[in-house]
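This report concerns only the one structure given below.
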Amino acid sequence: MNGIKVAAFSLVFIFAGIITGAEASIVDLSTVGAAGGPVNGAYFSQGVSGASGTGRINAFVRLNTNNSWEHGYNTDGRPPAYSEVDTSPHTHSILLNQVPTVYKSSVKYYEFLLDINEPNGKSKELISLDDIKVYMGSSGSFTTTTLSSLGALVYDLDFGSDSYIILNGGTGVDAGSGKADMVAHLPAVPFDDAVRKGSGQYVYLYSKFGTAGSAYINDASFEEWGVDAGPAPEPASLFLFSIGALGFGFLKRRR
Ligand SMILES: [Ca+2]
Ligand SMILES: [Ca+2]
Ligand SMILES: [Ca+2]
Ligand SMILES: [Ca+2]
């Protein structure tokens with residue numbers, strides 16, 4: 001083979017590799033202490049850790065339906081596109097600089113937290129996370145059902161093959177409502193590249209739950225994504241607030 005033929009052959013080989021992508025991955029986080037796993041450069045693990053170690057979630061999208069599956073993404077736009085709750089504390093836009101970063105072996109990741117909620121027992125506690133697609137967009141209020149028009153695609157769980165993650169809302173595995181049941185570390189390079197290329201600063205996180213099989217349907221209650229909320233307010237600051245309120249009452253009475 002001459003040089004040109006070798007180069008052409010290599011290109012075809014590389015192209016074929018990109019098309020077939022990684023093999024389908026199933027990350028099973030349904031048992032206590034389950035090891036996490038990678039999918040397409042991201043890492044998914046169990047636990048309430050979060051960047052602050054508290055696992056408390058500051059939510060930006062809540063999905064809630066009575067259907068066996070659900071999907072949607074965060075936005076300020078109303079009505080939202082799919083299964084999202086339309087109240088602003090639960091579903092709203094976020095900017096990339098509001099997402100915590102973590103470094104593992106000198107590699108930068110953006111950290112997202114997921115709280116799932118399913119009934120305990122009667123084989124209802126499991127739910128699948130079937131897809132995650134993240135886009136960087138130029139506005140925070142898109143409501144399109146054409147996901148590709150949200151912006152630049154910076155992460156895709158199903159890139160190259162159909163992967164999913166198994167989660168458990170049952171006692172012992174679930175961390176409770178408002179706390180992270182799963183930590184997602186998504187590779188930062190595509191996010192930062194997209195911003196550099198002018199995609200905009202708004203992060204759209206689309207996800208889909210409940211379609212990996214009858215054992216993994218959504219049975220009840222909401223799923224929500226967020227970022228680390230940090231520690232709960234200190235009792236000391238609540239105490240100071242109470243003292244302040246008392247003082248205000250005292251002044252009012254003296255008048
Ligand atoms: Ca279920
Ligand atoms: Ca999938
Ligand atoms: Ca939960
Ligand atoms: Ca649910």
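Of the trypsin sites (Lys or Arg not before Pro) found in the range 96-146, the ones in coil according to DSSP and having at most 12 other Cβ atoms within 10 Å of their Cβ are Lys122. Given a Förster distance of 41 angstrom, what is the FRET efficiency for Tyr82 paired with Lys108, based on the Cβ-Cβ distance and rounded to 0.05? My answer for the efficiency is 0.85.
A P(r) calculated from all alpha carbon pairs of the range 29-233, with 10 Å bins opening at zero, reads 9, 37, 40, 13, 1 percent. Rounded, prolate or oblate for the range 86-194? Axes are the square roots of the Cα gyration tensor eigenvalues, ordered a ≥ b ≥ c, and the cut-off for rounded is a/c under 1.5. Prolate, since a/c reaches 1.5 and a/b exceeds b/c. Under a model in which nothing but the beta-carbon of Lys, Arg (+1) and Asp, Glu (-1) is charged, the range 29-233 shows a dipole of about 360 debye around its Cα centre.
Number of Lys-Lys pairs in the range 29-233 with C-alpha atoms under 25 Å apart and a separation of 8 or more places or on different chains: 13.
No lab work stands behind these numbers, since they all come straight from the coordinates. None of the values given here were measured: they were computed from a predicted structure. Ideal geometry is used to build each Cβ from the backbone, glycine not excepted, and the neighbour counts take in all protein chains shown.
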